1. Please find, within the range 34-72, the residue that is surrounded by the most Cβ atoms within 10 Å (Cβ to Cβ) out of those that are at pLDDT below 80 and outside any helix (DSSP H, G or I).
2. Within the range 123-131, is there a residue that is of a type in the set (Phe, Trp, Tyr), out of contact with any Pro (no Cβ under 6 Å at 6 or more places or on another chain) and modelled with pLDDT of 90 or more?
Amino acid sequence: MPARTKISPYRSGEPRFGRQSHGIDTTVRTYRLTPEQLERYRNGEAIDDILKGEETEVAKKIDLIKREREKISSPFHPDVMAAWNRGFEAGAKRQNELDTQLLLEWLGQLEDIPGIGSKTATKIREHWLCFVNRAKDQ
């Protein structure tokens, strides 16, 4: 009877292709060439040589968009700062109203909590009012 050969667990299973990156650039670049540039490319000139020193239409549009964005969205632009401050103040005011409403609802339901009677609820409400009045004075 022939001897049984044991196969290593490393050799069984799916093929392994290694853990190190292969170093190949897998990005896909697309170019929009003018008819003159396309003709130069068809004649065997390298794409880098064709595009060197020439701005493509896409690059021009990107530069224009960047310049326009810099004009408008500067954090120190007065119009942007004024709009941001108005939005911030409106949001803070609305949040303050919601917080106050929530706290008043909670203070109105103190008696529903087991162990808190009407006297304790009154003391808690008075303490809260004193705290709010002190905060306003400061």
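1. If we take residues in the range 34-72 being at pLDDT below 80 and outside any helix (DSSP H, G or I), then Thr56 is surrounded by the most Cβ atoms within 10 Å (Cβ to Cβ).
2. Taking the range 123-131 as the starting set, the residues that turn out to be of a type in the set (Phe, Trp, Tyr) are 128, 131.
Then drop every residue that is not out of contact with any Pro (no Cβ under 6 Å at 6 or more places or on another chain), which leaves 128, 131.
Still in the list and also modelled with pLDDT of 90 or more: none.
No; the residues of the range 123-131 include none that is of a type in the set (Phe, Trp, Tyr), out of contact with any Pro (no Cβ under 6 Å at 6 or more places or on another chain) and modelled with pLDDT of 90 or more.
The values are calculated or read from the model by the stated rules, or taken from the named source; none is laboratory data. Everything quoted here is computed from the prediction, not taken from an experiment. No Cβ is skipped: glycine too gets one built from the backbone with ideal geometry, and neighbour counts run over all protein chains shown.
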